[in-house]
Amino acid sequence: IFSVLVGGILPFGAVFIELFFILTSVWLHQFYYIFGFLFLVFVILMITCAEITIVLCYFQLCSEDYQWWWRAYFTSGSSSIYLFLYSCFYFFTKLDITKPVSGMLYFGYMALISYCFFILTGTMGFYACFMFVRTIYGSVKID
């Protein structure tokens, strides 16, 4: 559990600053027009998810624990927990929402976005780890 939670810190750190501008444009009605930089941040997110999942999967395989499938998915997918926690911090520090229905709407949308982020980053981490495991075990010769 600890390695899964630690694995989500780096992918979240890759999108942390850009996330502020995206939340500001969505919830405070400001314009967002830096889509080229957003694509660059997305590429950095993909690379970070792949690298951290491969490293933690390698450590797991070195300790002879071969149940790596779900842990690889949850390792990079755990960055969605930090995304939701940051959206809670953003709600209480930047937004001026006082009505309970608006707060429920905000947290409902952010939970849905966090779930989609979990699916996205978890899938990226799993496929990177899958290709890594196939590569390292594909070169083993059995005679």
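Observations on the model:
- Single unsatisfied condition, TYR127 versus (1) farther than 16 Å from ILE54 by Cβ; (2) open to solvent by 90 Å² or more (accessible area, probe 1.4 Å); (3) not polar (S, T, N, Q): (1)
- Subset of the stretch 17-41 (residues that are among the hydrophobic types (A, V, I, L, M, F, W, C), surrounded by 14 or more Cβ atoms within 10 Å (Cβ to Cβ) and touching a residue at least 24 places away in the same chain (Cβ under 8 Å)): LEU19, LEU23, TRP27, VAL41
To keep it simple, each residue is scored yes or no on (1) surrounded by 13 or more Cβ atoms within 10 Å (Cβ to Cβ); (2) part of a helix (DSSP H, G or I); (3) at pLDDT 90 or above; (4) under 20 Å from the mean Cα position of the chain (by Cα).
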residue: ASP65; (1), (2), (3), (4): no, no, no, no
residue: THR75; (1), (2), (3), (4): yes, yes, yes, yes
residue: TYR82; (1), (2), (3), (4): yes, yes, yes, yes
residue: TYR86; (1), (2), (3), (4): yes, yes, yes, yes
residue: PHE92; (1), (2), (3), (4): no, yes, yes, no
residue: ILE97; (1), (2), (3), (4): yes, no, no, no
residue: SER102; (1), (2), (3), (4): no, yes, yes, no
residue: LEU112; (1), (2), (3), (4): no, yes, yes, yes
residue: CYS116; (1), (2), (3), (4): no, yes, yes, yes
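- Test: residue in the stretch 44-63 that is within 18 Å of SER114 (Cβ to Cβ), in contact (Cβ under 8 Å) with a residue 12 or more places away in the chain, among the aromatic types (Phe, Trp, Tyr) and surrounded by 12 or more Cβ atoms within 10 Å (Cβ to Cβ): no
The values are calculated or read from the model by the stated rules, or taken from the named source; none is laboratory data. None of these values were measured; they are calculated from a predicted model. For neighbour counting, all protein chains shown are included, and Cβ atoms are generated from backbone atoms with ideal geometry for every residue, glycine included. To get the accessible areas, we keep the full protein, side chains included, count just its heavy atoms, and leave off ligands, DNA and RNA. Shrake-Rupley method; radii C 1.70, N 1.55, O 1.52, S 1.80 Å.
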